[in-house]
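The structure appears right after this line, and notes come after that.
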Amino acid sequence: MCVGGGVAKETILILDAEKNVTWTLMTLLESEGYPAVIVNSIERALRDFKEFKVSGLITEYWVGSVQTLGAIRKLKELFPESYVMMITNQSVNDDEYEEIMRSGSMIVFSNRCRFGKSFFIFKRV
C-alpha cells in the first residue's frame, strides 16, 4: 500500500540508450502512478531488476551496439513472472519478430507505433 491508502503499482524498468525515449516513457509511467527506473546498460538492468523489485521491462531491440534478446532470456529465466515490452525504431522482419517473441517479450512495437498508443496497450497487459 502507498501512503494515503492507494495501492502501490508495479515498478517498471526502462532500458534504452536514448535519453529522450527514457524520459518520455518515465514521464508517461509516472503520470499513471507507476514507479520507473531508467538504466542504459544490460548489466545494470539485470542488477536493478532484483534490487528494485521490478515487475516489467520496456526496452529497445538494440541498446547501443548490443542486442537485448540474450538479456531478456536471462531476465525471464531469473524472473519468469516479469513482463517485457520491446520498442524499436528499426524494421523487424518476420524471423526477427519470432525470435523476439521466443526471447520472452510479450509485446513488440516497431517505429510505426507512437508512445501514447504503446503505453495504453502496456497498461492492459
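Where a number appears in this text, it was derived from the coordinates with a stated rule and is not lab data. These numbers come from a predicted model, not from an experiment. So basically every Cβ, Gly included, is an ideal-geometry build from the backbone, and we count neighbours across all protein chains shown.
Can you tell me how much longer the chain between Glu99 and Thr27 gets when fully stretched, taken as 0.36 nm per residue apart minus their C-alpha distance, in nm with one decimal? Before the final figure, lay out the partial values.
Numbers: separation 72, 0.36 × 72 = 25.92 nm, distance 2.98 nm.
Separation in residues times 0.36 nm, less the Cα-Cα distance, equals 22.9 nm.
Find the Rg to Rh ratio for segment 15-65, where Rh is the Kirkwood radius over alpha-carbon pairs and Rg uses the same atoms.
Looking at segment 15-65, the ratio lands at 0.94.
Can you list the trypsin sites (Lys or Arg not before Pro) in segment 16-71 that are in a DSSP coil and have 13 or fewer other beta carbons within 10 angstrom?
Lys53
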